[in-house]
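The values are calculated or read from the model by the stated rules, or taken from the named source; none is laboratory data. The structure presented is a predicted model; accordingly, all values stated were derived computationally and were not measured. Note that we place each Cβ from the backbone using ideal geometry, even for glycine, and neighbour counts take in every protein chain shown. Each accessible area value is taken on the protein alone, full model and side chains, heavy atoms only, with ligands, DNA and RNA left out. Shrake-Rupley method; radii C 1.70, N 1.55, O 1.52, S 1.80 Å.
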Amino acid sequence: MKKVLFLAVIATSLYACQSATKPAFDLGNAKKEIEAANKEISVFMSKGDSAGMASAYSTDGSVMLNNMPSVKGKDQLTTVWGGFIRAGISNIELTTLEVWGDENFITEEGTFVIKSKEGAQMDKGKYLVLWKKEDGKWKLHRDISNSDLPV
């Protein structure tokens, strides 16, 4: 009986130590990671890299844009972003306003400005993105936006 009690005390102590050493989730650091991912997305757009744009999404990620059905999957995402690139979009500026969430999912609220190769503003608006941690990296999981410009 003493052995069982001793083992229970040891197991409880080990669990408590393990729980105590797990670092708390750092939302501020996660925001910096998301802002860095947004910069990478801007680089993909400026290079006309639709496959790169699609790679920013989780394996089951989707984008939900104005006046079109949701798009899901790397092939469809590559096609959609390629269409926007061929239409003259070459610059997207993303500004993170606020993030909230945990170590698995982060919701980001932000604004966007889309410009042509010549630097002319084509659109501006706001977005919400649900980011998913996948293979140690934040990926766009659900991406929805809408324009501030009149129809």
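Here are a few things to note about the model shown:
- Of residues in region 75-95 being polar (S, T, N, Q) and closer than 12 Å to F44 by Cα, the one surrounded by the most Cβ atoms within 10 Å (Cβ to Cβ): T78
- Restricting L128, L94 to those that are touching a Gly at 6+ places or on another chain (Cβ under 7 Å) and of a type in the set (A, V, I, L, M, F, W, C) reduces the list to L94.
- Applying a threshold of 7 Å to beta carbon distances and a minimum spacing of six or more residues, or different chains, the list of pairs starting in region 117-131 at a residue that is over 16 Å from W100 (Cβ atoms) and without any contact (Cβ under 8 Å) to a residue 12 or more places away in the chain and ending at one that is among the hydrophobic types (A, V, I, L, M, F, W, C) and surrounded by 14 or more Cβ atoms within 10 Å (Cβ to Cβ) reads Q121/V113.
- Output for region 96-111, where each listed residue is under 16 Å from N38 (Cα atoms) and either aliphatic (A, V, I, L, M) or open to solvent by less than 80 Å² (accessible area, probe 1.4 Å) (or both): T96, L97, V99, I106, T107, E108, E109, G110, T111
- Answer residue from region 124-151, given it is in a loop (DSSP other than H, G, I, E, B) and closer than 16 Å to S58 by Cβ and is most open to solvent (accessible area, probe 1.4 Å) among those: D135
- A36 open to solvent by less than 60 Å² (accessible area, probe 1.4 Å), touching a strand residue (DSSP E or B) at 6+ places or on another chain (Cβ under 6 Å) and under 30 Å from P23 (Cβ atoms): no
- Every pair of residues 6+ apart whose Cβ atoms lie under 9 Å, when the first sits in region 28-48 and is on the phi > 0 side of the Ramachandran plot while the second is part of a helix (DSSP H, G or I) and of a type in the set (A, V, I, L, M, F, W, C): G48/I85
- Criterion (over 16 Å from K132 (Cα atoms), touching a strand residue (DSSP E or B) at 6+ places or on another chain (Cβ under 8 Å) and either among the hydrophobic types (A, V, I, L, M, F, W, C) or surrounded by 11 or more Cβ atoms within 10 Å (Cβ to Cβ) (or both)) met by exactly one of L27, L65: L65
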